[in-house]
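Notes follow the structure.
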Amino acid sequence: TLARSSNHSVALHVRSAPDNATARDLALTAILQRKGRVLDAMNDGMGALRRRANPQDRALFDQLQDARAQLARLVLGGLQKASPAEYQQAIQRREASVEKLETELGSRSSEFRVQSQPITLEAVQSAVPKDSALIEIVSFSPFDRKTDKSEKPRYVAYVLFPQGEPRWVDLGEVAPIDQATAEFRKVLHSSKSANVKALARRLDEKVMQPIRKLLGPTHNVLLSPDGALNLVPFAALVDEQNRYLVERYSFTYLTSGRDLLRLRSEEQATTAPVIVANPDFGARPAEQKGQSARGMLDLTQAYFPPLAATAQEATAIKAILPQATVLTQGQATETALKQLASPSLLHIATHGFFLADKPEDAAETERQRKLLQQTGDWSSLGGRLENPLLRSGLGLAGANLRKSGDDDGILTAMEVAGLNLWGTKLVVLSACETGVGEVKTGEGVYGLRRALVLAGAETQVMSLWPVSDRGTRDLMIGYYQSLQAGQGRSAAMRQVQLRMLNEPQRRHPFYWASFIVSGEWANLNGKR
């Protein structure tokens, strides 16, 4: 309901009144108030109810968690001996049940929304830390006021400092920037790609170089991207001096600059740190083809191979955090995660997955119809996964066994959103592609990144592409050592990345740039 007016506010400034301070402030205020608003609405409701935690609300939360789990099992596991129509109807019934509970929970948070502080440009600016800058990148579609027809969408960046007027720059059309983003991300998936710096420089020229002219000497950057730029490791871009930006800047990702008004959680952790690693996924069934879950359309033939290095990772982190509880092998279950109650820190070293959505395809639909006639089992076909929170998740103990029941070894992002992580300072997902998901312009990334915010986690560390098992282990050990030394959550990541950048065998950004820090950047004691 707000997208059109928000777009017009930005277009009015950039196209019609570029030198007008009132138009500029109106555009930036609209962005700060509305960008990622869907996440805020859900998060505020859940946060208020968690804090109130009366028996009726807890019962609703339990019902919602159960309904989400049932929906996840149905979508990912299928429905035995059901026609395609019956299967889709079953999914729709489960989705309706989930939506009904979410609506009821949301309706209970009206008093929280009424009491929440107003979001103004002045309030957000006062929350920008000293020697830092907030960068808001937003996609908008210029329009002809006479015909009211939109032109090709463009990116614009606004930069807000602790003091002074906001600055801005039109970055150009979305399409060529997104194309450069896709090409850059592709070469990051392999340590053998030789042209990574050239493509990093190309994208930097389009995005960060124009912004750098506005940043001046500022090195601490709070970054709220939009669109495909949500999936870019800005630290791995290359400047005019052929240096990676990690050598000059510290980046912290935000859904919106509005996050600065509520980042520091008043919730307190109730339990010690928890480390989940090296789950016993189970042997590969004979009928499985042994494909990785990465990039697949469903999990019916996915295989989760063992992750031996994550056991070493867990042992090393346990030595740094001696009070931590370690869950490995058969203990690293979906049920164990769902039963957590506000651990101070949560580290999960396992396989992550993000399934591509199935395109509508007439030939594929006919193939599925014929296969159904032959087998009578719709579960072997997989469904069209339209909800991105069901397309991403984590593999845990028993994931290869395809068990039925409450613990099937697959924890979807939708189920992650129901975890109790209010008071948890840091969640680290030491797994492949845990930071990706479906990108919604103006709303961020729908996937594990969003789910962890909804679950209450203050800071999330996650990956943007398939990572090196051993390289990740070493990166994580260095990260926790820096955290224990009092470094900030973002500064500690930058420190270990710089260390790896100086190692000849790990100089390629494939090794060091995959993980990003999103949310609060202070150290674990809250000091910025």
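The values are calculated or read from the model by the stated rules, or taken from the named source; none is laboratory data. All values derive from a computational prediction rather than experimental measurement. Here Cβ is always computed from backbone atoms with ideal geometry, including for glycine, and neighbour counts include all displayed protein chains. Surface accessibility is based on the protein's heavy atoms, side chains included, excluding ligands, DNA and RNA. Shrake-Rupley method; radii C 1.70, N 1.55, O 1.52, S 1.80 Å.
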Top-ranked residue in segment 63-82 [being charged (D, E, K, R) and open to solvent by 30 Å² or more (accessible area, probe 1.4 Å); ranked as modelled with the highest pLDDT]: Asp66
Any hit, segment 156-166, residues being at pLDDT 95 or above, of a type in the set (Ser, Thr, Tyr), under 25 Å from Ala127 (Cα atoms) and crowded, with 21+ Cβ neighbours inside 10 Å: yes
Which numbered condition Lys192 fails, given (1) open to solvent by less than 30 Å² (accessible area, probe 1.4 Å); (2) closer than 21 Å to Ser463 by Cβ: (1)
Helices (runs of 4 or more DSSP H) lying entirely in segment 458-517 (those with 2 or more residues that are among the charged types (D, E, K, R)): 469-484, 489-501
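Yes or no, residue by residue, for (1) over 24 Å from the mean Cα position of the chain (by Cα); (2) of a type in the set (D, E, K, R); (3) open to solvent by less than 10 Å² (accessible area, probe 1.4 Å); (4) at pLDDT 85 or above:
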{"site": "Ala235", "(1), (2), (3), (4)": "no, no, no, yes"}
{"site": "Arg243", "(1), (2), (3), (4)": "yes, yes, no, yes"}
{"site": "Arg248", "(1), (2), (3), (4)": "yes, yes, no, yes"}
{"site": "Thr271", "(1), (2), (3), (4)": "yes, no, no, yes"}
{"site": "Ile275", "(1), (2), (3), (4)": "no, no, yes, yes"}
{"site": "Gly282", "(1), (2), (3), (4)": "yes, no, no, yes"}
{"site": "Glu287", "(1), (2), (3), (4)": "yes, yes, no, no"}
{"site": "Gly295", "(1), (2), (3), (4)": "no, no, no, no"}
Scope segment 34-53; condition open to solvent by 50 Å² or more (accessible area, probe 1.4 Å) and either more than 26 Å from the chain's Cα centre (by Cα) or at pLDDT 85 or above (or both); matching residues: Arg52
Strands (runs of 3 or more DSSP E) contained entirely in segment 415-454, each with at least 3 residues that are at pLDDT below 70 and open to solvent by 10 Å² or more (accessible area, probe 1.4 Å): 437-440
Filter result (at pLDDT 75 or above and either in a loop (DSSP other than H, G, I, E, B) or buried (at least 22 other Cβ atoms within 10 Å of the Cβ) (or both)) within segment 401-411: Lys403, Asp407, Asp408, Gly409, Ile410, Leu411
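If you scan segment 117-150, which residues turn out to be of a type outside the set (A, V, I, L, M, F, W, C) and either in a helix (DSSP H, G or I) or within 16 Å of Ser224 (Cβ to Cβ) (or both)? Quick ask: steps written out before the conclusion?
Step one: list which residues in segment 117-150 are of a type outside the set (A, V, I, L, M, F, W, C), which gives 117-118, 120, 122, 125-126, 129-132, 136, 139, 141-142, 144-150.
The answer is Glu122, Gln125, Ser126, Pro129, Ser132, Glu136, Ser139.
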